[in-house]
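Single-structure report; data block below.
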Amino acid sequence: MKRFILVLLFAVCLLSMKGGGTYPAYFPKPLQKLPTNKYEVFLGRKLFYDPILSEDNSISCSSCHSPYNGFAHTDHALSHGIYDKIGKRNAPALFNLAWQSLFMWDGAINRLDAQALAPIHNPLEMGSSIQEVIKKLQKSEKYPSLFKLAFGDTAINSNRVITAIAQFELGLVSCSSKYDSVRQGKVQFSVQEKKGYDLFKKHCNSCHSEPLFTSGKLSGNALPALELLMDLGRFSITKLPSDSFCFKIPSLRNLSYTYPYMHDGRFSNLNQVLQHYQAISNSGTGKVNTVITKPISNEDKADIVAFLLCLNDRKFIFNPQNLYPKEEKP
Amino acid sequence: MRRKFVFFLLCFTSILKAQKRDTLSIRLVYNSSFVEVGKVFWSKELNDSILIDKLQLYLSLPYQAGNAEKKEYRLINFASAKDCFIPFQNLTSTIKIDIGVDSLTNLNAPLINDLDPTTGMYWTWQNGFIHFKIEGSFNSGNSKKEQFQYHLGGYSYPNNSVQQLEITALSSESFLELNLFTLLTYIKKQGKPDILSPGVDAMEGMKVVKSSFSLKP
């Protein structure tokens, strides 16, 4: 009996270390279910990396959402699509999407399964249509059998295409950084990292809240609009003046891989980002939709960067389950 | 034995009857005349000939006031007049019909069947259904055509433009009539040829759409 209780206690402890078996217990409950059908996930992964989604078969999701960059875009400040057409934003990183309710920099999309339709139809991105994509998939040799594995029959329709892509994306969970190891009691921060963490909690946590390092909400951050782009952010969706120049707060995980920063990729390194926040905080003018009002010194900046580097998750970046699928079946 | 058989037969037919769905057809008119999509018609009030190229909208299946949780939707496309109906079942007294797809459905419903995003009634750039789409032209009798395209949508604050029709005394002879007179007069007077995104204009437009519906006879 004693042995049984011990075994039971051990099992409970193990389970409590990882919520649901795929994310830490200190993560909040995801807003969407994490994927369970490996065939759907594999199909989504195939589609994600396949330029068949674009009009000229040259651009895939991974063209802008590179796996080695936290599924962000690092070639350029502004992402580009077919025929080198330049968009007006930098493609955001894709991970921990199950904990988000709004997608795109302006929160235009509020359900992940519908998100893939936006770039497919955008003339500056993939320049195609879901109808065209379906026709191409139906004609291909490999996809009907993959749809059969995932959904039970070879029928290919828009719902299945976008569901599969979303299932792959929901499986992109990043939770193995040094910060996570510290949270799990496995390692400790260095002195500088600890200082940086304390400063982070003082200056940054209200928008970039732990443990996801984003509140998932939209906010302004006193970034002056670039005249050439005049990107009004959330205002273009709601037309509410209070939403002018508000953008989705990105997660600060994997920053070493996801440069450049901000919705238009204007900052190529973290120093420039912190310089911007330092300038707002030290100007005494307070904020535009932010809560940064306390001064940041140069020493503070270095410490904060040291902490931010603890949020890099190399295990996620190089996870072979997320990379280009060389295999034909899962 | 025979009595049992008759009893079961009666039960079976009454179950069948209870499950039988009626349909509510929707007719497109301009005042007292039928309108056909793709065919020019004359408006003496506007002193103009009008062509409707496209007219589609979402209507919910009729539901009762306390039972608004799981709505079903039907895409009505007036280019195919025989498909312009919505089924209903076992309804009495006051019922509601939504014009447009509500926020719960926009956020959660599988994108299949009438909610398939390939129908041309889905905004991919900002996920959400177009509640009501009308495209056409005022031909003005001149060489210049005044084209218009009104894609009216929006389901979330502050641009929720879904409208509700409240209907009493629905019978098997009832049908819904969509009279384009008010809407086309509104479009002509607006001087705005396009409404293509959610906002104040779309909300006003949807109110005009709502006022264009009536239950007949």
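What follows is calculated from the coordinates using simple rules that are stated; it is not laboratory data. This structure is a prediction, so every number in the text was calculated from the model and none was measured. Here the Cβ is made from the backbone with ideal geometry for all residues, glycine too, and neighbour counts use every protein chain on show.
For A:Asn205 and A:Met230, what is the calculated FRET efficiency with R₀ set at 22 Å and r taken between the beta-carbons, to the nearest 0.05?
0.10
What dipole magnitude, in Debye to the nearest 20, does segment A:21-107 give about its Cα centre under +1 on Lys/Arg Cβ and -1 on Asp/Glu Cβ? Intermediate values should be presented prior to the final figure.
Details: 8 positive and 7 negative charges, 80 e Å.
Roughly 380 debye, rounded to the nearest 20.
Roughly how many nanometres apart are two label points built 7 Å out from the Cα toward the Cβ at B:Leu196 and B:Asp114?
Taking the two extended label points, one gets 2.8 nm.
Would you work out which of B:Gln89, B:Ser25, B:Asn159 lies farthest towards the positive end of the dipole of chain B, given +1 charges on the beta-carbon of Lys and Arg and -1 on that of Asp and Glu, about the Cα centre?
The listed residue farthest towards the positive side: B:Gln89.
B:Asn31 label point, 7 Å along Cα→Cβ, cut-off 16 Å on backbone N: hits in segment B:175-201?
In segment B:175-201, the label zone of B:Asn31 (backbone N under 16 Å from the point 7 Å along Cα→Cβ) covers B:179-186.
Taking chain B as the reference, fit the longest principal axis to its C-alpha atoms, fit the long axis of helix B:200-211 to the helix C-alpha atoms, and give the angle between the two in degrees, 0 to 90, nearest 10.
Between helix and principal axis, roughly 50 degrees.
For peptide A:156-166, what's the mean number of Cβ atoms from other chains within 10 Å of each residue's Cβ? Could the numbers behind the result be given before it?
On the way: counts 0, 5, 7, 8, 2, 1, 3, 3, 0, 0, 0.
So the per-residue partner count for this stretch is 3.
State the Kirkwood hydrodynamic radius of chain B in Å, one decimal place, computed from all pairs of distinct Cα atoms. Don't skip to the answer; put the middle values down first.
Values: mean 1/r = 0.0533 Å⁻¹.
18.8 Å is the Kirkwood radius here.
Using mean Cβ contacts within 10 Å as the protection proxy, how do B:204-211, B:36-43 order, highest first? All intermediate terms of the calculation are to be shown ahead of the outcome.
Values: B:204-211: 18.8, B:36-43: 14.0.
Packing order, densest peptide first, comes out as B:204-211, B:36-43.
Relative to the Cα centre, what is the charge dipole magnitude of segment B:74-217, using +1 at the beta carbon of each Lys and Arg, -1 at the beta carbon of each Asp and Glu, and rounding to the nearest 20 debye? Write down the numbers at each step before the final one.
Numbers: 12 positive and 13 negative charges, 83 e Å.
Using only the charged Cβ atoms, the result is roughly 400 debye.
With a bin width of 10 angstrom, please list the P(r) values of segment A:147-193 as percents of all Cα-Cα pairs, from the 0 bin to the one holding the largest distance.
Per 10 Å bin, starting at zero, the Cα-Cα P(r) for segment A:147-193 comes out as 21, 28, 16, 17, 15, 4 percent.
List, in order, the whole-Hz ³J(HN,Hα) value for each residue of segment B:30-39 obtained from phi through the Karplus relation with A = 6.51, B = -1.76, C = 1.60 and θ = phi - 60°; use x for Gly and Pro.
Using θ = phi - 60°, the values come out as 10, 6, 9, 10, 5, 10, 10, 5, x, 10 Hz.
Among the helices of chain A (complete DSSP H runs), which have Cα atoms covering no less than 20 Å along the helix axis and a Kyte-Doolittle mean of at least 0.5? Before the final figure, lay out each step's value.
Working: long enough: A:2-17 (23 Å, 2.16).
Both cut-offs are met by A:2-17.
Starting from 0.36 nm per residue, how many nanometres of slack lie between A:Lys186 and A:Leu309 once their C-alpha separation is accounted for? Numbers along the way, then the final one.
On the way: separation 123, 0.36 × 123 = 44.28 nm, distance 1.73 nm.
In short, 42.5 nm is gained.
So, by mean Cβ neighbours within 10 angstrom, what's the order for A:133-140, A:73-80 with the highest one leading?
Details: A:133-140: 16.4, A:73-80: 19.1.
Those peptides, ordered most packed to least, come out A:73-80, A:133-140.
Under the rule of at least 5 residues apart or a separate chain, name every residue whose amide H is placed under 5 Å from the amide H of B:Ile195.
Answer set, sorted by chain and number: B:Gln149, B:Tyr150, B:His151.
Which residues' amide hydrogens lie under 5 Å from the amide hydrogen of B:Gln164, considering only partners 5 or more residues apart or on another chain, with H built in the peptide plane?
Under 5 Å from the amide H of B:Gln164 lie the amide H atoms of B:Ile99, each far enough along the sequence or on another chain.
About its Cα centre, how strong a charge dipole does segment B:143-217 have in debye, to the nearest 20, once Lys and Arg get +1 and Asp and Glu get -1 at the Cβ?
On the way: 8 positive and 7 negative charges, 64 e Å.
My answer is approximately 300 debye.
Placing +1 on the Cβ of each Lys and Arg and -1 on the Cβ of each Asp and Glu in chain A, which of A:Phe235, A:Leu270, A:Leu323 has its Cα farthest towards the positive end of the resulting dipole?
Value computed over the given set: A:Leu323.
Can you give me the distance in nm between label points at A:Leu240 and A:Glu299, each placed 7 Å from the Cα along the Cα-to-Cβ direction?
4.2 nm
Counting pairwise Cα distances across segment A:168-208, what percent come out greater than 13 angstrom?
It works out to 65 percent of all Cα pairs.
Once you average over the residues of A:68-76, how many Cβ atoms of partner chains fall within 10 Å of each Cβ? Walk me through the numbers on the way to the answer.
Numbers: counts 0, 0, 0, 0, 0, 0, 0, 0, 0.
Averaged over the peptide's residues, the number is 0.
Would you mind telling me which residue in B:Ser197, B:Ser103, B:Ser33 has the biggest mean-square fluctuation in a Gaussian network model of chain B, where springs connect alpha carbons within a distance under 10 angstrom?
Of the options given, B:Ser33 has the highest mean-square fluctuation.
Across peptide B:152-160, how many C-beta atoms of other chains are within 10 Å of each residue C-beta, on average? Intermediate values should be presented prior to the final figure.
Details: counts 0, 0, 1, 1, 3, 2, 4, 4, 0.
Per-residue shielding by partner chains comes out at 2.
Grab every C-alpha pair in segment B:162-210, bin the distances at 5 angstrom width from 0 up to the longest one, and report whole percents.
Per 5 Å bin, starting at 0, the Cα pair percentages come out as 4, 16, 23, 21, 15, 9, 6, 5, 0.
Mind grabbing the base-10 log of I(q)/I(0) for segment A:91-137 at q = 0.15, 0.20, 0.26 Å⁻¹? Debye formula, identical points on the C-alpha positions, no solvent, two decimal places.
Log10 of I(q)/I(0), two decimals: -0.44, -0.73, -1.00.
Along the three principal axes, how long is segment A:69-186 when you take its alpha carbons, biggest first, rounded to the nearest angstrom?
Principal extents (largest minus smallest coordinate, Cα): 51, 37, 25 Å.
Starting from the eigenvalues of the Cα gyration tensor, five times each then square-rooted, give me the equivalent ellipsoid semi-axes of segment A:173-330, largest first, whole Å.
28, 23, 13
Could you tell me which of the pairs A:Lys248/B:Lys192; A:Lys201/A:Lys248; A:Lys88/A:Lys326; B:Lys54/B:Lys207; A:Lys139/A:Lys326 are separated by over 23 angstrom between their Cα atoms in the structure shown? Numbers along the way, then the final one.
Details: A:Lys248/B:Lys192 32 Å; A:Lys201/A:Lys248 20 Å; A:Lys88/A:Lys326 32 Å; B:Lys54/B:Lys207 20 Å; A:Lys139/A:Lys326 21 Å.
Cα-Cα > 23 Å for A:Lys248/B:Lys192; A:Lys88/A:Lys326; rest within.
Please list A:43-49, A:268-274, A:255-261 highest first by mean number of surrounding beta-carbon atoms within 10 Å per residue.
Details: A:43-49: 23.7, A:268-274: 16.6, A:255-261: 20.6.
So the order, starting with the most tightly packed, is A:43-49, A:255-261, A:268-274.
To the nearest 0.05, how large is the calculated FRET efficiency for A:Tyr83 and B:Glu72 if R₀ is 41 Å and r is the Cβ-Cβ distance?
Numbers: r = 42 Å, r/R0 = 1.02.
Rounded to the nearest 0.05, the efficiency is 0.50.
Which residues does the label zone of B:Lys207 cover in segment B:152-179, counting backbone N under 18 Å from a point 7 Å along Cα→Cβ?
B:152-166
What Kirkwood radius, in Å to one decimal, follows from the Cα pairs of the protein assembly as shown? Mind showing how you got there, number by number?
Numbers: mean 1/r = 0.0374 Å⁻¹.
Mean inverse Cα-Cα distance, inverted, gives 26.8 Å.
Starting from the 7 Å offset along Cα-to-Cβ, what nm value, one decimal, do you get for the label separation of B:Phe175 and A:Thr36?
4.8 nm
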